[in-house]
Amino acid sequence: MIAFILQRLMQSVLVVFAMSVIVFVGVYAIGNPIDVLIDPGATQAIRDALIERYGLDQPLWQQYFTFVTNVAQGDLGRSMVYNVPVTTLIFSRLPATLELVLVAMAIATLLGVPLGIWAGYKPESFSAKAIMAFSILGFSVPTFWIGMLLIMGFAVNLGWLPSGGRGPVGEFLGVPTSLATAQGWSHVILPAVNLSLFKMGLMIRLTRAGMVEAMRADYVKFARAQGLSELEVVFGHVLRNISIPIVTVFGLELGSTLAFAVVTESVFNWPGVGKLIIDSILQLDRPVMVSYLVMVVILFVLINLIVDIVYARLDPRVRLKGEE
Amino acid sequence: MAVAETTRRQRLGEFWSDFARSKVAVLALAVIAALLFLAFACEWVAPQDPYDLRNLDWGDAFLRPGAVGSGGYTHMLGTDNVGRDMFSAILYGLRTSFIIGLSAGGLALTVGIAVGLTAAYFGGRTEAVLMRVVDLQLSMPAILMALVLVAVLGSGVAQIVLALVVAQYAYFARTTHGAATVERRKDYIEAARSTPLPTRRVLFRHLLPNVMPPLIVVATVQVAAAIALEATLSFLGVGLPLTEPSLGSLISNGFRYIHTDRTWLSLYPGFALMITVVAINLVGDQVRTVLDPRQNR
């Protein structure tokens, strides 16, 4: 087991290293940030000073080396646009994204799983087919377009909810969050619904597939033969059996929802990390781009590593393969 | 040969009668056919060439749907902020979206098959390395991959197609690999390998046809995903510029007027995008049901 974990850990480090080189070189290939950042009327002296300050006069491998050494010391560099350390910038934006993602995942799970249970319990009924059609919509219609429809409907036409921005931020357990105020919730709800629809579609399909499969299993027949009510059969036996894949996907999707937030945050002008990365791409703010991407790569590699290890613990076949 | 021809036709007939069980899917297929026709005939159907800036008249800006502009024809879906006829722009945009979606889907399919078959057939270290990379890519959302790639490659149709292929090939590679590892162990492949046939022939004539069904399903879904991704990129401002209208850039332009009553600027291209993507997905879903009977029965 330890050998397996070590082997996977080595692989992960290798992947992070390779991705960081690719990202660094790739981002380096985009335009010349100096042209974007400096007023064309600036004197040569100012240009040279700035080029030297950001280390842009050094060869690429040396810039990369400096970057890695700094990252190892917890320094991700300074944003060229905001002129503050990237770590400060990203961490100041992180709470906004996290609260959006958490509310979205909560909506997706709390609505998606019951809908999926129903659709799998009575797969031939009209309501089940309507639910499945809805899940196809959630899957396929681009997030940004649904977001616009939500704004048009609930913000512009009905005027019930604000069309964008984060609203007032309160404190909860020392963390600044808009979930602490009612006004804050009114700002969260539309973007969160927008972000949740894709995941809800996924949850519905996953739960339904598990339900359909499980309802035919012998243990369901036995449970019914015991005289248990349908509610007890579904929630006491079936749900317990299909919950493992649901929990796995919930964990995996948490990471990808963070990335999907890029689109929702842009539509709703939500001041989170996703909006930050789009802005930094448009403004060629290299340190922010590179740091964000490397952080995302590390996040996904970590999630994969954890999933691999958990599976290896649960499934002896995977473990044996790793120990060969 | 004649026998093979009949069975193939019979199988297609069976497939169609299974497919036609869902009225919604048949309707969706008809919608796709109509949209494809309109998009690729846009030069004849559309009243205006939105690429040609000489056709644009500032005096025609923000005409409501149904108004008659200086060109003397009715702007069925209104005009935008520079006097571009929205109906024409949407048809041309649809064509761009289809071209991008189909070429990205086709190329990703080719690359994915190559990677998946190579991994499954040769096994060992090749398989381990290739599939590890594919898995890692699959764990990352396609939108993020595409966003980074477009940021690096720059905007333009070719760059977007390339970015989409890199972001999407992994789905095909995983599906091919999964199906091919199952097929590889079957006797007919063993038999084919024991003959002096070249590896290439065994791969493409014996193995590939048998892993095609799941790939067709993935391909439909991925074409829709490519169209949606391109629209998203253009909406975020890193895709195609408005001078080369795609559905995404049209919606993005309309988004600026979302707080006014000029809703036709974003609503119509948005509906065109939605109908296209949903129709393709509905067809894909029915194909999946037909090819994989376990799913629904």
Exercise. Could you please give the count of residues in the stretch A:70-95 that are touching a residue at least 24 places away in the same chain (Cβ under 8 Å), in a loop (DSSP other than H, G, I, E, B) and hydrophobic (A, V, I, L, M, F, W, C)?
Key: 3
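I want to confirm something. Restricting to the stretch A:34-61 and keeping residues that are in contact with a helix residue (DSSP H, G or I) (Cβ under 9 Å, 6 or more places away or on another chain) and assigned to a helix (DSSP H, G or I), which single residue is modelled with the lowest pLDDT?
A:37
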Practice problem: Kindly indicate whether any position in the stretch A:306-321 is among the acidic types (Asp, Glu), within 14 Å of chain B (Cβ to nearest Cβ) and surrounded by fewer than 17 Cβ atoms within 10 Å (Cβ to Cβ). | Solution: no
Quiz item: Within the stretch B:279-296, can you find the residues that are crowded, with 19+ Cβ neighbours inside 10 Å and either at the interface with chain A (Cβ under 7 Å from one of its Cβ atoms) or of a type in the set (A, V, I, L, M) (or both)?
Solution: B:279, B:280, B:281, B:282, B:283, B:285, B:287, B:290
Quiz item: Across the stretch B:95-119, what is the total count of residues that are of a type in the set (A, V, I, L, M), touching a Leu at 6+ places or on another chain (Cβ under 8 Å) and under 16 Å from residue B:212 (Cα atoms)?
Solution: 5
Quiz item: Under 8 Å by Cβ, and 6 or more places apart or on different chains, what pairs join a residue from the stretch B:133-162 that is in contact (Cβ under 8 Å) with a residue 12 or more places away in the chain and within 16 Å of residue B:107 (Cβ to Cβ) with one that is of a type in the set (Ser, Thr, Tyr) and buried (at least 17 other Cβ atoms within 10 Å of the Cβ)?
Solution: B:157/B:96; B:161/B:103
Practice problem: Would you check which residues across the stretch B:6-46 are surrounded by 11 or more Cβ atoms within 10 Å (Cβ to Cβ) and either of a type in the set (Lys, Arg) or farther than 17 Å from residue B:283 by Cα (or both) and list them? | Solution: B:21, B:37, B:38, B:39, B:40, B:41, B:42, B:43, B:45, B:46
Exercise. Report yes if residue A:227 is more than 18 Å from residue A:103 (Cα to Cα) and more than 14 Å from chain B (Cβ to nearest Cβ), otherwise no.
Key: yes
Practice problem: Would you point out which residue out of B:93, B:106, B:124 is at pLDDT 85 or above and within 14 Å of another protein chain (Cβ to nearest Cβ)? | Solution: B:93
Quiz item: Out of the residues in the stretch A:175-199 that are over 22 Å from residue A:152 (Cβ atoms), within 20 Å of the chain's Cα centre (by Cα) and not in a strand (DSSP E or B), which is modelled with the highest pLDDT?
Solution: A:199
Practice problem: Sort out which residues of the stretch B:212-249 are surrounded by 22 or more Cβ atoms within 10 Å (Cβ to Cβ), at pLDDT below 85 and more than 11 Å from chain A (Cβ to nearest Cβ), and write them in order of number. | Solution: B:239, B:240, B:245, B:246, B:249
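The rows are residues; the columns are (1) closer than 30 Å to residue A:283 by Cβ; (2) in a helix (DSSP H, G or I); (3) in contact with a strand residue (DSSP E or B) (Cβ under 6 Å, 6 or more places away or on another chain).
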position	(1), (2), (3)
B:173	no, yes, no
B:178	no, yes, no
B:183	no, yes, no
B:190	no, yes, no
B:197	no, no, no
B:213	no, yes, no
B:217	no, yes, no
B:223	no, yes, no
B:232	yes, yes, no
Quiz prompt | Filtered residues of the stretch B:267-278 (kept if more than 9 Å from every other protein chain (Cβ to nearest Cβ) and either in contact with an Asp or Glu (Cβ under 9 Å, 6 or more places away or on another chain) or of a type in the set (A, V, I, L, M) (or both)) | solution = B:272, B:275
Quiz item: In the stretch B:138-185, how many residues are over 16 Å from the mean Cα position of the chain (by Cα), more than 14 Å from chain A (Cβ to nearest Cβ), crowded, with 22+ Cβ neighbours inside 10 Å and not hydroxyl-bearing (Ser, Thr, Tyr)?
Solution: 3
Exercise. Just give me the residues in the stretch A:232-278 being free of Cβ contacts under 8 Å to residues at least 24 places away in the same chain and either within 11 Å of another protein chain (Cβ to nearest Cβ) or closer than 23 Å to residue A:184 by Cα (or both), in sequence order.
Key: A:256, A:262, A:277, A:278
Exercise. Of all residues in the stretch A:198-251, count the ones that are crowded, with 17+ Cβ neighbours inside 10 Å and among the basic types (Lys, Arg).
Key: 3
Exercise. Would you mention how many residues in the stretch A:140-151 are within 7 Å of chain B (Cβ to nearest Cβ), of a type in the set (A, V, I, L, M, F, W, C) and more than 13 Å from residue A:266 (Cα to Cα)?
Key: 1
Quiz prompt | Where a residue in the stretch B:251-266 is facing chain A (nearest Cβ under 7 Å) and its partner, wherever it lies, is outside any helix (DSSP H, G or I) and surrounded by fewer than 22 Cβ atoms within 10 Å (Cβ to Cβ), with Cβ under 7 Å and at least six apart | solution = B:266/B:258
Self-check item: Residue within the stretch A:156-174 that is assigned to a helix (DSSP H, G or I) and either modelled with pLDDT of 75 or more or more than 29 Å from residue A:117 (Cα to Cα) (or both) present
Solution: yes
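The values are calculated or read from the model by the stated rules, or taken from the named source; none is laboratory data. On a predicted model such as this, the values are computed, not experimentally measured, just so you know. Note that we place each Cβ from the backbone using ideal geometry, even for glycine, and neighbour counts take in every protein chain shown.
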